[in-house]
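Presented below is the structure to which this report refers.
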Amino acid sequence: MVYIFLCIDFDRDAAFPALGHKHAVSKKRQTELQDILTDPEKSAEIQGSIEGFDQILSFLIQRKLPTVFYFEARTIDLISKRYPEFLKRLNQSFFEMGAHGYDHEDLIGKETGIPLEKKEEFNLIKKAKERIEELFSTKIIGFRAPYMRLSENTQKILMDLDFVYDSSIYQESDEAIIPYLDEYGAIEFPVIKTPKESLMKGMYTYLWPLFEGKRGIKEIVSNYIQLIHNSTEDNSYISINLHSWHFAYNVEQNCYLSQKEIRKNTEFLIKLITKLEEIEGVRFSTPKLWLEENELLRKT
Ligand SMILES: [Zn+2]
C-alpha cells in the first residue's frame, strides 16, 4: 500500500519574507508604505485563498478526501473574522489541521535578517497552535515550518509543545518513503524531491511549477505515477504539496487569476487526484491517520 498525503500550506497569498520584519508580507503588498508593512495583519492578503480554494474545497468535502492543512495562524484567524462560513466549511472530520507559524515567520532569519530567539520561537509556535486548535476545536499534532526552514531549536520546541510530527525537510527519493524519528523524538515526514538523474528529473513534490505554468499536468501526473510504481516499501507515502492561494494567484506575474483560470487550476488538481486514486494499492490519507494505522499514535 502506498499512502498519498494531500498537503495544503494555507497561508497569506504568496507569503514572502521582508528584510527587517519578523512576519511575512504578501507579495502583493510589498510595495506598500511602512505602516502597512510593519503590521503583520495589514501586510497579509487572503483574497487568493478565499477565491482560489473555494472550488477545490467543495470537491474535497464532497469526496470526503483526507487532506492535511498546515495553517499560518494569522491567515486562518483573519478568515474566522471575515469569512466565518468559509471557516465552517474547512472544519471537517476527514481533514487534519496542522500549524505553519503564526505570521509565517522566517525562523532562522535567513531572508529577514532577524533570527528568532528560542523563547520567542516557542511563544509564537505555541500561540499559533493554540489559536488553530481553538478555531477548529481540535488538537493539532503536525507542524510545517514556513519556507521549509527549521531553526536549531524548532524540533525541541515541537516536542515541548506536544506536537508529534514535523514535515519541513526535503528528502531525495525516486519512490515513496517512510517517516523517521529525529533526535528529539519527533517524527519527521519528509517531503520528496526526486533525483535529477531519475525519470522524473529533479522534481519537488510541491505543485508550484504546475500553477506557475512551468510544468504541464500530464508530466506531473506521469511523475507521480512513476513514483508510485517505483515504490517498494509497504505503508510508505508520497505527499502532494501545494498552497491554498495558488489556484487564484500567479506569483511570477504577481496577479490574481480569472474565474476561468481558477477553474482550470482546480481541474488540474482534481485530475491528479483521480488518476492516482485509480491505481490499485494507493490510498489517500494524512500523516495523523498514517500514525494511527501504523500504531504509532493512539486514536483520538
Ligand atoms: Zn507557507
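The values are calculated or read from the model by the stated rules, or taken from the named source; none is laboratory data. All values derive from a computational prediction rather than experimental measurement. Ideal geometry is used to build each Cβ from the backbone, glycine not excepted, and the neighbour counts take in all protein chains shown. Ligands, DNA and RNA are excluded from the accessible area calculation, which covers all protein heavy atoms including side chains. Shrake-Rupley method; radii C 1.70, N 1.55, O 1.52, S 1.80 Å.
Annotation: GLU111 fulfils all but one of (1) open to solvent by less than 70 Å² (accessible area, probe 1.4 Å); (2) out of contact with any Phe, Trp or Tyr (no Cβ under 6 Å at 6 or more places or on another chain); (3) within 16 Å of the ligand (Cβ to nearest atom); (4) among the acidic types (Asp, Glu); the unmet one is (1).
Matching residues to (1) charged (D, E, K, R); (2) closer than 28 Å to GLY52 by Cα:
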position: MET159; (1), (2): no, no
position: ASP166; (1), (2): yes, yes
position: ILE187; (1), (2): no, no
position: LYS196; (1), (2): yes, no
position: GLY202; (1), (2): no, yes
position: PHE211; (1), (2): no, yes
position: ILE220; (1), (2): no, yes
position: ILE225; (1), (2): no, yes
position: ILE238; (1), (2): no, yes
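Against the numbered list (1) in contact (Cβ under 8 Å) with a residue 60 or more places away in the chain; (2) farther than 18 Å from LYS126 by Cα, PRO146 comes up short only at (2).
Conditions (1) among the aromatic types (Phe, Trp, Tyr); (2) modelled with pLDDT under 95; (3) under 16 Å from the mean Cα position of the chain (by Cα), marked per residue:
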| site | (1), (2), (3) |
| --- | --- |
| ASN241 | no, no, yes |
| ASN250 | no, no, no |
| ASN254 | no, yes, no |
| SER258 | no, no, no |
| ARG263 | no, no, no |
| ILE273 | no, no, no |
| GLU278 | no, no, no |
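Across the stretch 65-74, a minimum of one residue is classified as in contact (Cβ under 8 Å) with a residue 40 or more places away in the chain, closer than 28 Å to GLN30 by Cα, of a type outside the set (Gly, Ala, Ser) and open to solvent by 10 Å² or more (accessible area, probe 1.4 Å). What are the residues in the stretch 1-17 that are open to solvent by 20 Å² or more (accessible area, probe 1.4 Å), within 16 Å of the ligand (Cβ to nearest atom) and outside any strand (DSSP E or B), if any? Hit for the stretch 1-17 is PRO17, nothing else. Here is the figure for the stretch 49-83: residues that are within 16 Å of the ligand (Cβ to nearest atom) and among the charged types (D, E, K, R) total 3. Of ILE217, ILE240, ILE225, all but one fail to be open to solvent by less than 60 Å² (accessible area, probe 1.4 Å), under 25 Å from LEU150 (Cβ atoms) and β-branched (Val, Ile, Thr); the exception is ILE240. Of all the residues in the stretch 116-156, those that are of a type in the set (Ser, Thr, Tyr) and either within 16 Å of the ligand (Cβ to nearest atom) or under 21 Å from ASP13 (Cα atoms) (or both) number 3. Among the residues of the stretch 85-101, is there at least one that is of a type in the set (S, T, N, Q), at pLDDT below 95 and assigned to a loop (DSSP other than H, G, I, E, B)? Scanning the stretch 85-101 turns up no residue that is of a type in the set (S, T, N, Q), at pLDDT below 95 and assigned to a loop (DSSP other than H, G, I, E, B).
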